[in-house]
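Novice: Input: one structure, supplied below.
The values are calculated or read from the model by the stated rules, or taken from the named source; none is laboratory data. Keep in mind the model is a prediction, meaning the values are calculated, not measured. As a convention, Cβ positions derive from the backbone with ideal geometry for all residues, glycine included, and neighbour counts pool all protein chains shown.
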Amino acid sequence: MKRIVQLLLFLLVAGALWVYAGATGLLGSSEEPGDVAETARPAAFDDDRVDSLAAAARAVGADDAKQILFGDFHVHTTFSFDAFMMNMPIAGGPGAHPPADACDFARFCSALDFWSINDHAENLTHDLWSKTVDLVRECNAVSGDPSDPDLVTYLGWEWSHIGATPDAHYGHKNVVFRGTNDDEIPTRAISSRRVGPGGLPLSFAMKAAVATFAGERGRDFTQLVAAVDEAGDCPQGVPVRDLPLDCIESAETPEVLFDKLDDWGLDSIVIPHGTSWGMYTPATSDWRKQLAGHDPARQTLVEVYSGHGASEQLPAWRPVEVAPDGSLSCPAPSDGYLPSCWHAGDLIEARCLEIGDNASECARRATEARANYVAVHQAGWKTLPGYAKRDWLNAGQAPPDMFQPAFNYRPLGSAQYMLAIRDFDDPSAPKRFDFGFIGSSDNHTARPGTGYKEFARGEMSEGRGRRRDQGEGFSLFGSSDESEARAAESVPWTGDSSNPMQLFEMDRGAAYFVTGGLVAVHTPARDRDSIWRAIQEKEVYATSGRRTLLWFDLVDDARTIPMGSKTRRSETPRFRVRAMGSFEQQPGCPDHVWDALGEARVEHICRGECHHPSETRRPITRIEVVRIRPQISEDEPVDGLVEDPWRVFECPADGSGCRVEFDDPEFASAARDAVYYARAIEAPDLMVHGSNPMGCRYDENGTCVEIDSCDGDAPYEDDCLSEAEPRAWSSPIFVDFGGA
């Protein structure tokens, strides 16, 4: 018996030590970047694309002096801690997808012209940053002649800021650098938060569970977390070039980030994204607060569409009302929109009546529930214990007349709102945002440009379903708890917000992930500097993933002014739009992809399907033009300043493209600045989570009464396809009223 006890004690101690070693990263290995395929795309493949583009431009009367190149400026690999965790097999993921996969995918699977890597700076230790730099250089080295490469790879990171309250929230921004030489890049990434005690927001218990039950990948993950803990914070107040190499540098506001980038003095851009995505954005967060510290030299573009949906439109409804004194209240349903806070009251009142309480008491509880929901911002859903996604219906979601909106849409983060507001602290020179528009993917499986085909939802988007052999797994994110009965009274939430990811409403949000968009540039050549100049000049546009061709210009007798430009005039402006639909796709991959990658790798990273255009272009059904008249005074209401659509032009249905010219006869008489941009709408097609992502069944009054969402609980093999209209958004043309 004594020996048995000793053996049990030994096993207990050994097990405890093993768990401790796993949780602290001692049993894991550092993530490696992988190996890039050592061949470029055949020149003939890109030459054919140039020829077809020129032919399309001539067909619609557009300028063929410039190429249109397509890229993705928002790509994560398993160097990002969330991508690492989401891709572990125990979480239903495919395993490791390091930076080399992204390079090969961009070159061969999606056949992009350029892309950037944007792993989260919050966990980019010196080791991972150095490996990222080396991989980017290796990817570029394969590209052939630098003056005419098959693929241009840019270096960057994501600055990922999440605040639990509107005043403390600044959102996410990608930082991208022009060059890749030592004197053109910083020695470390800059995160949005200090590492602080405990490093990344994961408890010891979670790290122990990951290391114990998630196998080798789980132990590698805890090694990544431990490396961040070991690096620690960089000292504050030290010039960026004097900081130690192996520490995590932070900038807790955009202004500090801009200052640090100025300190480096390197050519870079900063691109906000997910600006209306309510998964992590408090309901009353307002982009107006970012005008004061806006850097117009670096922050020149905004991502209007990604794998998280569109952040374009400014609707009339609001999720929460803000009074002049700053107090919050819950608005009633309007314009087909059901605020989540309002529905919280409905749920509590219905449950209260169901258990037999009197009507006046139940009405009081409904009012209290709405107030409790509003008070804790995006944690509001946690004030109703026991309620599941089916109970929430489509509360908080944009009505179906909006194209693939972001989950829990935040209107005051929309691109249209940004272009409509101004800061009048200096009345003689009001500040404004004059963003160009781009799309990108925000993919977390090292797959730039995933929208070329609508397939493999679980890897080409973040909307992964459940595998047949997959258990409940684990997640960084919160979820509703159906283990207890639905409450008849709301509970004020007093939980810990130090890990904002635990506030994410993933159960319903999983139905809103799409395959993502592209950034297109008009450029005279395909080299790195030519692409960068086009980006700086904002001669760019966004697409919802297809390679739609779009030209938008202001024209007069003297010259043509392209999208993204600013001009000043007092006479009537005249505009021209030219558009051509994307190519229909053939199944499979071109022969050169199989030759370069081999069958196993084509299946692993491309999933057996590539950008493989036919010779048939899809029809453009219409051109929509949006006009925005920015504020002329601090107290001018924003409602009514955005006219969407202002003009609509029907297009031929034969796939021959579309040509439109129009003017604004009201410009001179209105005597105020105006902003114009165009949308080119393709014919409807099946898209991942294309429309009605909640699967609402509507009654005769247009009210959602039941949902059947295709989300994280749907089968992994279900791509959740439904019809929607692929599109492209031009960058705006800014026409100020005044002299010539």
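Novice: Here is a list: VAL142, VAL136. Which entry is free of Cβ contacts under 8 Å to residues at least 60 places away in the same chain and not small (Gly, Ala, Ser)?
Specialist: Answer to the selection: VAL136.
Novice: Tell me which strands (runs of 3 or more DSSP E) are completely within segment 550-636 and hold 2 or more residues being at pLDDT 95 or above and within 25 Å of ARG107 (Cβ to Cβ), or say none if there are none.
Specialist: 583-585, 613-617
Novice: So in segment 304-318, with the set limited to residues that are buried (at least 18 other Cβ atoms within 10 Å of the Cβ) and in contact with a Pro (Cβ under 7 Å, 6 or more places away or on another chain), which one is nearest to ARG533 (Cα to Cα)?
Specialist: The residue in question is ALA310.
Novice: Something else now. Given the criteria surrounded by fewer than 16 Cβ atoms within 10 Å (Cβ to Cβ), under 30 Å from PHE575 (Cα atoms) and in contact with a Phe, Trp or Tyr (Cβ under 8 Å, 6 or more places away or on another chain), does ASP113 qualify? Spell out the reasoning first.
Specialist: Numbers: surrounded by fewer than 16 Cβ atoms within 10 Å (Cβ to Cβ): no; under 30 Å from PHE575 (Cα atoms): yes; in contact with a Phe, Trp or Tyr (Cβ under 8 Å, 6 or more places away or on another chain): yes.
No, not satisfied.
Novice: Moving to a separate point now. Looking at segment 278-318, which of its residues are among the aromatic types (Phe, Trp, Tyr) and modelled with pLDDT of 95 or more?
Specialist: TRP287, TYR305, TRP317
Novice: Taking the condition surrounded by 18 or more Cβ atoms within 10 Å (Cβ to Cβ), out of contact with any Phe, Trp or Tyr (no Cβ under 6 Å at 6 or more places or on another chain) and without any contact (Cβ under 8 Å) to a residue 60 or more places away in the chain, does ALA395 pass?
Specialist: Values: surrounded by 18 or more Cβ atoms within 10 Å (Cβ to Cβ): yes; out of contact with any Phe, Trp or Tyr (no Cβ under 6 Å at 6 or more places or on another chain): yes; without any contact (Cβ under 8 Å) to a residue 60 or more places away in the chain: yes.
Criteria met by ALA395.
Novice: For the structure I just gave you, tell me whether ARG486 is surrounded by fewer than 18 Cβ atoms within 10 Å (Cβ to Cβ), under 13 Å from ALA714 (Cα atoms), charged (D, E, K, R) and modelled with pLDDT of 70 or more.
Specialist: The answer is no for ARG486.
Novice: Tally time: how many residues in segment 265-283 are in contact with a Lys or Arg (Cβ under 6 Å, 6 or more places away or on another chain), in a loop (DSSP other than H, G, I, E, B) and either under 28 Å from GLN502 (Cβ atoms) or not acidic (Asp, Glu) (or both)?
Specialist: 3
Novice: Still on this structure, please answer the following. Would you confirm, using the coordinates I've provided, whether VAL660 is surrounded by fewer than 19 Cβ atoms within 10 Å (Cβ to Cβ), aliphatic (A, V, I, L, M) and within 30 Å of ALA54 (Cβ to Cβ)?
Specialist: Judged against the criteria, VAL660 is not a match.
Novice: Please go through (1) in contact with a strand residue (DSSP E or B) (Cβ under 8 Å, 6 or more places away or on another chain); (2) assigned to a loop (DSSP other than H, G, I, E, B) for THR78 and return the number of the only condition it doesn't satisfy.
Specialist: Here THR78 clears every test but (1).
Novice: Within segment 197-246, track down each residue that is of a type in the set (Gly, Ala, Ser) and not in a loop (DSSP other than H, G, I, E, B).
Specialist: Within segment 197-246, ALA205, ALA208, ALA209, ALA211, GLY215, GLY218, ALA226, ALA227, ALA231 meet the criteria.
Novice: Got a sec? Which of ILE628, ILE605, ILE632, ILE623 is out of contact with any Phe, Trp or Tyr (no Cβ under 7 Å at 6 or more places or on another chain) and crowded, with 16+ Cβ neighbours inside 10 Å?
Specialist: Matching residue, one of ILE628, ILE605, ILE632, ILE623: ILE628.
Novice: Let me ask something additional. Out of segment 248-264, which residues are surrounded by 17 or more Cβ atoms within 10 Å (Cβ to Cβ) and part of a loop (DSSP other than H, G, I, E, B)?
Specialist: Within segment 248-264, ALA251 is the sole residue that qualifies.
Novice: Might you let me know whether segment 188-199 holds any residue that is of a type outside the set (Gly, Ala, Ser) and under 21 Å from the mean Cα position of the chain (by Cα)?
Specialist: Yes; the residues of segment 188-199 include at least one that is of a type outside the set (Gly, Ala, Ser) and under 21 Å from the mean Cα position of the chain (by Cα).
Novice: Something else: Output the qualifying pairs, or none if there are none: Cβ atoms under 6 angstrom, residues six or more apart or on different chains, first residue in segment 702-724 and within 12 Å of VAL514 (Cα to Cα), second residue polar (S, T, N, Q) and modelled with pLDDT of 90 or more.
Specialist: That search, which allows pairs on different chains as well, returns SER722/SER691; ALA724/SER691.
Residues checked against (1) under 23 Å from LYS389 (Cα atoms); (2) part of a helix (DSSP H, G or I); (3) touching a Leu at 6+ places or on another chain (Cβ under 9 Å):
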position	(1), (2), (3)
PRO319	yes, no, no
ASP325	no, no, no
HIS343	yes, yes, yes
ILE348	yes, yes, yes
LEU353	yes, yes, no
CYS362	yes, yes, yes
ARG365	yes, yes, no
ASN372	yes, yes, yes
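Novice: Tell me whether segment 688-702 contains one or more residues that are closer than 28 Å to GLY509 by Cβ and out of contact with any strand residue (DSSP E or B) (no Cβ under 9 Å at 6 or more places or on another chain).
Specialist: Yes: one or more hits.
Novice: Right, something else. Counting only residues that are under 21 Å from GLN502 (Cβ atoms) and of a type in the set (Val, Ile, Thr), which one in segment 348-380 is surrounded by the fewest Cβ atoms within 10 Å (Cβ to Cβ)?
Specialist: Looking at the filtered set, the residue picked out is VAL376.
Novice: Considering GLY336, GLY345, GLY356, which residue is modelled with pLDDT under 95, over 23 Å from LEU641 (Cα atoms) and of a type outside the set (A, V, I, L, M)?
Specialist: So the residue among GLY336, GLY345, GLY356 that is modelled with pLDDT under 95, over 23 Å from LEU641 (Cα atoms) and of a type outside the set (A, V, I, L, M) is GLY356.
Novice: Consider SER614 carefully, then state whether it is in contact with a Phe, Trp or Tyr (Cβ under 9 Å, 6 or more places away or on another chain) and within 17 Å of ILE438 (Cα to Cα).
Specialist: Answer is no for this residue.
Novice: Quick one: count up the residues across segment 432-466 that are in a loop (DSSP other than H, G, I, E, B), in contact with an Asp or Glu (Cβ under 8 Å, 6 or more places away or on another chain) and of a type outside the set (Phe, Trp, Tyr). Quick ask: steps written out before the conclusion?
Specialist: Let us first name the residues in segment 432-466 that are in a loop (DSSP other than H, G, I, E, B), namely 433-435, 440-442, 444-449, 453-456, 461-465.
Filter once more, keeping what is in contact with an Asp or Glu (Cβ under 8 Å, 6 or more places away or on another chain): 440-442, 444-449, 453-456, 462-463, 465.
With of a type outside the set (Phe, Trp, Tyr) added as a condition, the list becomes 440-442, 444-449, 453-454, 456, 462-463, 465.
Selection size over segment 432-466: 15.
Novice: Kindly indicate which of GLU682, GLU706 is of a type outside the set (Phe, Trp, Tyr) and over 30 Å from VAL593 (Cα atoms).
Specialist: On inspection, the qualifying residue turns out to be GLU706.
Matching residues to (1) surrounded by 21 or more Cβ atoms within 10 Å (Cβ to Cβ); (2) polar (S, T, N, Q):
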{"residue": "LEU419", "(1), (2)": "yes, no"}
{"residue": "ALA429", "(1), (2)": "no, no"}
{"residue": "PHE433", "(1), (2)": "yes, no"}
{"residue": "PHE437", "(1), (2)": "yes, no"}
{"residue": "SER441", "(1), (2)": "yes, yes"}
{"residue": "HIS444", "(1), (2)": "yes, no"}
{"residue": "THR450", "(1), (2)": "yes, yes"}
{"residue": "GLU454", "(1), (2)": "yes, no"}
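Novice: Additional query: Those residues that are among the small types (Gly, Ala, Ser) and touching a residue at least 40 places away in the same chain (Cβ under 8 Å), I need them from segment 667-701; list them, please.
Specialist: Passing the criteria: ALA668, ALA670, ALA671, ALA674, ALA678, ALA680, ALA683, GLY690, SER691, GLY695.
Novice: Moving on. Return the residue satisfying two criteria in turn: it lies in segment 512-533 and is small (Gly, Ala, Ser) and buried (at least 24 other Cβ atoms within 10 Å of the Cβ), and of such residues it is nearest to ARG457 (Cα to Cα).
Specialist: It comes out as GLY516.
Novice: Among the residues of segment 680-710, what is the count of those that are in contact with a Leu (Cβ under 6 Å, 6 or more places away or on another chain) and either more than 17 Å from ALA388 (Cβ to Cβ) or in a strand (DSSP E or B) (or both)?
Specialist: Within segment 680-710, residues that are in contact with a Leu (Cβ under 6 Å, 6 or more places away or on another chain) and either more than 17 Å from ALA388 (Cβ to Cβ) or in a strand (DSSP E or B) (or both) number 3.
Condition check ((1) under 30 Å from LEU518 (Cβ atoms); (2) in contact with a strand residue (DSSP E or B) (Cβ under 8 Å, 6 or more places away or on another chain); (3) surrounded by 15 or more Cβ atoms within 10 Å (Cβ to Cβ); (4) in contact (Cβ under 8 Å) with a residue 24 or more places away in the chain) across all residues:
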| position | (1), (2), (3), (4) |
| --- | --- |
| GLY171 | yes, yes, yes, yes |
| ASN174 | yes, yes, yes, yes |
| ARG178 | yes, yes, yes, yes |
| SER192 | yes, yes, yes, yes |
| VAL195 | no, yes, yes, yes |
| ASP220 | no, no, yes, yes |
| LEU266 | yes, yes, no, yes |
